[in-house]
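The values are calculated or read from the model by the stated rules, or taken from the named source; none is laboratory data. What you see is a predicted model; the values in this text were computed from it and never measured. Cβ placement follows ideal geometry from the backbone for every residue including glycine, while neighbour counts extend to all protein chains displayed. Accessible surface is based on the protein model in full, side chains and every heavy atom, while ligands, DNA and RNA are left aside. Shrake-Rupley method; radii C 1.70, N 1.55, O 1.52, S 1.80 Å.
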Protein chains: 2
Amino acid sequence: MGLGEDVNREGIRKTPLRVAKALSEGTRDFFEECVSKNIDKKGLVIPGYIQSVKEIVEGALFPEEGLDKDEVGHAGGVGGLVIVRDLDFYSYCESCMLPFYFKCHVGYVPSGQRVLGLSKLSRVTNVFAKRLQEPQRLANEVCSALHEGIQPTGVAIVLECKHVHFPDTESNSFDSNHKGVVGILVSSGSGAFEDKDADMWGDFFGLIKFRGIDKDNIHDKGSVDQCWCPSLSNNVSLKNEEIKPTMVTAVASILKSLGEDPTRKELEGTPGRYTKWLMNFQCSSIDMRQNGSLWSGIYDALDPNEEEGFNVKLHSELNLPLLSQCEHHLLPFHGVAHIGYFISKGFHPIGKSFVQSIVHFYGFKLQVQERLTKQIAETISSLVGKNVIVVVEASHTCMISRGIEKFGSNTATIAALGCFSTDLAARAAFLESIPGPKSL
Amino acid sequence: MGLGEDVNREGIRKTPLRVAKALSEGTRDFFEECVSKNIDKKGLVIPGYIQSVKEIVEGALFPEEGLDKDEVGHAGGVGGLVIVRDLDFYSYCESCMLPFYFKCHVGYVPSGQRVLGLSKLSRVTNVFAKRLQEPQRLANEVCSALHEGIQPTGVAIVLECKHVHFPDTESNSFDSNHKGVVGILVSSGSGAFEDKDADMWGDFFGLIKFRGIDKDNIHDKGSVDQCWCPSLSNNVSLKNEEIKPTMVTAVASILKSLGEDPTRKELEGTPGRYTKWLMNFQCSSIDMRQNGSLWSGIYDALDPNEEEGFNVKLHSELNLPLLSQCEHHLLPFHGVAHIGYFISKGFHPIGKSFVQSIVHFYGFKLQVQERLTKQIAETISSLVGKNVIVVVEASHTCMISRGIEKFGSNTATIAALGCFSTDLAARAAFLESIPGPKSL
């Protein structure tokens, strides 16, 4: 696979199959839409999309009276703003092919004494999400399609998008301020919402103000390309010679089989960027326990012949960011590691940055969270003696994409070595010290 | 339809079709599972269920090393606890057939050097959710199925279930302390978790403690039947003579076509209870604007001939609970109404309880949220003069069930009459006064 992995290892034997399945499920609705409408696959240009959206919408426009003639105002089927907030979706980034998460707030002002079934705002958004996208275009496409389908006074869309952060491979770390994700806020409006200073936006923002959305933070159109996908940033600087052309070609052929044109301007560098991303998780040939080259400075200070026993002070490093790649689906997972340990006699405390580098070392591989947790615990154990506990909390992209769509879910794993495996009080004290809920 | 509605009205013409579709989608995975495994439909007894779960699990058990022999502890494929938290699902209540929402926290302790693909914990839970259920049985069934499938050291399940509250039809209101929903917390454990005081539960609760879950609030097995479904409570006292036997028979036949046995002990009263629920939304024949019987005491005080003008003080009633039934899907929606108004000359302030009864009057019908908002606004307008604004915020059950599964989403609608339709500052001031996020 070009990552130095044994393709026959059981955990990854079926991975290519799972990846193909995930990508095609991720864009499934789009194709199902086409198949069910008997649209020829080659005819899949924008008019084709609009066509199927129109059909979703038309069956769900219900007559609904507006106000009587002698009343002044906006309500019901004429002029009363309708907003559906906090719709969770995922899409795929057209720059790097990784899934990204977004929260959608969508509204429209009815006209013509008709209202749309609420679930259709979600279904139409989903049609445009399930393809390779970029946030501003996604917002614009959903907005135009709804406007065309409903023929309302106006449509307004605000999307909060989150993209997994890319590691800075030079320093073997990534920006911990971002908690592993890059966010962007985009909007799109039609009709009464076309002008972004239009009065109607006041009502819209008035009704989503509690979502922590600041109108001023909304990205201006046109400036998105430089900032959104971390693969486009200059910090991502894997040397070109490390990228295997066969991998790039393979990724381009995946794009083609998804019905995309790999020569489309926005997709030109995509296979290369996705390959770069994968190369971050290249199987490292350093076997630390054998030659200990990375940690040799520390090993020198250890004397394993010293008599047993340990200091009762619980040392801990909490909330160390981690990023890894699920080996079952080739999709990222990210979160934090919490490490607690007692120092055995003859061993010495270890620094936070050193613990963090151990977390990154085991993260930047094809992994499963259970193994990652165990490997971190074993390595720390070899440095401080045998009493170590490690908790890893992570959000798995494979749990939101692939049709599972469990957006809020998050996985915790424990490895408890030495006294932590038997001493309930020590384990409970450590678990108690882990800080409260964070959005991972 | 026995509710006094015109079955040819456009909004509800296709409702029977939509209801049938929703119910069969709600139990879809179950049937698809059977069809895909070529299991005869008549053979759908418990061993059949277990069979298909086993097949989900078996393909996703991956070899994963435990600790080396010279290490003491629990980690990786032997003994390291794995928890997936905050999985969102819905199921259908077997007592009243309404969908209920639940958040699932599921964990297991691996053994035999094998770990399960994380998404399978979600998929197995879903198999048991997509049928008529009761929380404790649901937890037990998921627990047993996972234990049988993974053969781990133990499986632990905690479910936070929420059920739409039933209106107290006598007083035409419902308990506002419940914010429209009844909650219950249940757990189930196998193996190392079988004893609910087992040490392993300490780790489990240690890792979900931030979810606001208190171990002591978990329902003891056996006492659930009396408390969970509000349809079983004594307060729900629609007189028996009001229930049409033809409706009960129709609901029983729906149960049968879902593959359920309507004579199963737990389902005996279900068709009657679902019919009772529907009767809450009977089309009322009182046309308030014509004879004004309900509000006549107030109308007496009004003098519409008084000259125009209004007091500049903004009156408002915020967070008035509401419960209604979506006429497109015959599924409940619940939330709050916020009402703001200026009192025109010759009109008088109206009391909060009176405003609340107007909200309930229009809620307890087959509705769409846009119309409900408009009707509340028009009625208040007739009582205080023409300057009224109404915002309704609601969660729609039809947005979580029916395959849409947008769990956090929520809909806001506005009706603005009189000066509120033109005076941006007045509208903004009212929107600003609406209190922060609530879980509806």
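Descriptive notes on the structure:
- Top-ranked residue of region A:95-122 - restricted to ones that are within 20 Å of A:Ser144 (Cα to Cα) and assigned to a loop (DSSP other than H, G, I, E, B), ranked as most open to solvent (accessible area, probe 1.4 Å): A:Gly112
- Number of the exception - B:Asp225 against (1) modelled with pLDDT under 75; (2) closer than 23 Å to A:Leu424 by Cβ; (3) among the acidic types (Asp, Glu): (2)
- Against the numbered list (1) facing chain B (nearest Cβ under 8 Å); (2) over 26 Å from the mean Cα position of the chain (by Cα); (3) among the hydroxyl-bearing types (Ser, Thr, Tyr), A:Ser409 comes up short only at (2).
- Residue within region B:44-55 that is at pLDDT 55 or above, of a type in the set (Lys, Arg) and outside the structural domain of B:His396 (by TED's automatic domain parsing) present: yes
- Of all residues making up region A:202-220, the number that are outside any loop (DSSP other than H, G, I, E, B), away from chain B (no Cβ under 11 Å), touching a strand residue (DSSP E or B) at 6+ places or on another chain (Cβ under 9 Å) and not basic (Lys, Arg): 1
- Scanning region B:123-139 for residues that are open to solvent by 10 Å² or more (accessible area, probe 1.4 Å) and part of a helix (DSSP H, G or I) yields B:Arg123, B:Asn126, B:Gln136, B:Arg137.
- Scanning region B:53-76 for residues that are open to solvent by less than 10 Å² (accessible area, probe 1.4 Å), at the interface with chain A (Cβ under 7 Å from one of its Cβ atoms) and either closer than 23 Å to B:Cys143 by Cβ or not in a strand (DSSP E or B) (or both) yields a single hit, B:Gly76.
- Within region B:148-170, the residues that satisfy the criterion of being surrounded by 20 or more Cβ atoms within 10 Å (Cβ to Cβ) and part of a helix (DSSP H, G or I) are B:Gly149, B:Ile150.
- Cross-chain or 6+ apart pairs with Cβ under 8 Å, region B:237-266 first and modelled with pLDDT under 80, then among the acidic types (Asp, Glu): B:Ser237/B:Glu170
- Screening A:Val368 with (1) closer than 16 Å to A:Glu327 by Cα; (2) more than 7 Å from chain B (Cβ to nearest Cβ) gives one miss only, at (2).
- Condition check for A:Ile39: in a loop (DSSP other than H, G, I, E, B) and modelled with pLDDT under 70: yes
- Of the residues in region A:183-206, not one is at pLDDT below 85, at negative phi and either open to solvent by less than 60 Å² (accessible area, probe 1.4 Å) or not charged (D, E, K, R) (or both).
- A Cβ distance below 9 Å, combined with a sequence gap of six or more or placement on separate chains, defines the contacts here; from region B:332-344, residues that are at negative phi and of a type in the set (Asp, Glu) reach no residue that is in a strand (DSSP E or B) and buried (at least 24 other Cβ atoms within 10 Å of the Cβ).
- Residues of region A:421-435 that are more than 7 Å from chain B (Cβ to nearest Cβ) and either open to solvent by less than 30 Å² (accessible area, probe 1.4 Å) or under 20 Å from B:Tyr108 (Cβ atoms) (or both): A:Ala426, A:Phe430, A:Ile434.
- Residue match in region B:89-98 (condition: touching a residue at least 40 places away in the same chain (Cβ under 8 Å), within 14 Å of another protein chain (Cβ to nearest Cβ) and more than 14 Å from the chain's Cα centre (by Cα)): no
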